[in-house]
Amino acid sequence: MGRLTLLIVFSCFLLFPINTSAMVNLDKIEEGKSMFDSNVNFSDSLNATTQTVNESTMIWSSIIPAIFTVIFIYFLIRFAYALFTKVGSTLKTATWGLISIPIIFIFFRVVGIFVLGENNIHNVDGYLNSIISLLSSSVFFIAIGLVFIGLLFRMSYILIKHPAYNRWSNRLFLFSVISIILSVVVEPVLYNI
């Protein structure tokens, strides 16, 4: 997995626009001026950079999904190989890759729509607060559900005295308490950063 990631990162660096490379003005050096003296102000250079990004948007909008597709196909081939050879570790990594690649791709699409589609930066802050609130309340309710499942395991342990039910109930109680504490503490901490 590491070699594939390095190959993708290296290929992305090769595809950066050539217009962004620095140009040395030799005429200014011959005149005795510094090559760093420039008549171009910040807004002009920002407009030029924006124009370069806008020109290369069509290329990047087709390259990035292609990269995700190649990674997904790689994990699909690895998954088929793991099913054929019955190698557990390969099956585990391939399964996690097949699950995580579409989720990451959809996450990038949704974040891009919200962040780039918003004209006011204060509204983006409101989106982030809403996402933090949603995640915090989701973790809280999932933790409450874990408490009930832990109680069910505890009752099963009391009925048949199987040690696995006792271990699972203890783990579920521990994780639910940690999740409840984190869901209560994380929201005010992240709001005040």
Conditions (1) within 31 Å of the chain's Cα centre (by Cα); (2) open to solvent by less than 80 Å² (accessible area, probe 1.4 Å): number failed by Ile181: (2)
Residues of the stretch 72-103 being closer than 30 Å to Val53 by Cα and loosely packed, with under 11 Cβ neighbours inside 10 Å, in sequence order, are Ile103
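Yes/no per residue for (1) farther than 30 Å from Ser61 by Cα; (2) at pLDDT below 90:
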site	(1), (2)
Ala82	yes, no
Ile103	no, no
Ile113	no, yes
Leu128	no, yes
Leu134	no, yes
Arg171	yes, no
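Would you say Thr69 is assigned to a helix (DSSP H, G or I), modelled with pLDDT of 75 or more, open to solvent by less than 60 Å² (accessible area, probe 1.4 Å) and out of contact with any Lys or Arg (no Cβ under 8 Å at 6 or more places or on another chain)? Give the derivation first.
Values: assigned to a helix (DSSP H, G or I): yes; modelled with pLDDT of 75 or more: yes; open to solvent by less than 60 Å² (accessible area, probe 1.4 Å): no; out of contact with any Lys or Arg (no Cβ under 8 Å at 6 or more places or on another chain): yes.
Judged against the criteria, Thr69 is not a match.
Can you name every residue in the stretch 154-169 that is open to solvent by 40 Å² or more (accessible area, probe 1.4 Å), under 35 Å from the mean Cα position of the chain (by Cα) and touching a residue at least 12 places away in the same chain (Cβ under 8 Å)?
At the first step, the residues of the stretch 154-169 found to be open to solvent by 40 Å² or more (accessible area, probe 1.4 Å) are 154-155, 157-163, 165-168.
Narrowing further to those that are under 35 Å from the mean Cα position of the chain (by Cα): 167-168.
Residue satisfying the conditions is Trp168 alone.
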Being in contact with a helix residue (DSSP H, G or I) (Cβ under 8 Å, 6 or more places away or on another chain) and either closer than 30 Å to Tyr74 by Cβ or modelled with pLDDT of 90 or more (or both) is the requirement here; does Ile160 meet it? no
Read through the list (1) closer than 30 Å to Ser62 by Cβ; (2) modelled with pLDDT under 90; (3) open to solvent by 80 Å² or more (accessible area, probe 1.4 Å), then give the number of the only condition that Glu118 fails. (3)
Does Ser56 satisfy the condition of being open to solvent by less than 80 Å² (accessible area, probe 1.4 Å), farther than 24 Å from Phe108 by Cα and modelled with pLDDT under 90? no
Does Phe16 satisfy the condition of being under 26 Å from the mean Cα position of the chain (by Cα), at pLDDT 70 or above and aromatic (Phe, Trp, Tyr)? no
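The values are calculated or read from the model by the stated rules, or taken from the named source; none is laboratory data. The shown structure was predicted, so the numbers you read here are calculated from the model rather than taken from an experiment. As a convention, Cβ positions derive from the backbone with ideal geometry for all residues, glycine included, and neighbour counts pool all protein chains shown. Calculation scope for accessible area: heavy atoms of the full protein, side chains included, ligands and nucleic acids excluded. Shrake-Rupley method; radii C 1.70, N 1.55, O 1.52, S 1.80 Å.
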